[in-house]
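In what follows, a structure is listed as structure tokens, so that the remarks can point back to it.
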Amino acid sequence: MVLEGVGGIAIGAAIAIAGGAIGTGMAQSAIGAAAMGVIAEKPEQAGKLIIWIAIPETIVIFGFVIAILLALAVGSGVEAAVAAA
């Protein structure tokens, strides 16, 4: 079964957002737990650790950008190109 047209693009956009969110959640749970352990022993390291907690957020931003690009592609006539293929 092959998804065609707008439905397939919408599912791709949803997978991009959901995959990015799930991956970020898993990464931040591990980083957050480790960061709290370090802060308990060395509070002066808190500034550096906040940056490490923020880095995985870029994964969600990349997923969001991909979803936006897919949504814009639907509006620009990709459905006609997919239908012709």
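Read the figures in this text as sums done on the coordinates, not as results from a lab. As the structure is a computational prediction, the values presented were derived from the model and not from experiment.
Roughly speaking, what is the stretch gain from A46 to A27, that is 0.36 nm per residue apart minus the C-alpha to C-alpha distance, in nm to one decimal?
Values: separation 19, 0.36 × 19 = 6.84 nm, distance 1.80 nm.
This chain segment gains 5.0 nm when fully extended.
For a bin width of 10 Å, list the pair-distance distribution of segment 5-84 built from all Cα-Cα distances, rounded to whole %.
The calculated distribution, bin by bin, is 18, 32, 21, 15, 9, 4, 0.
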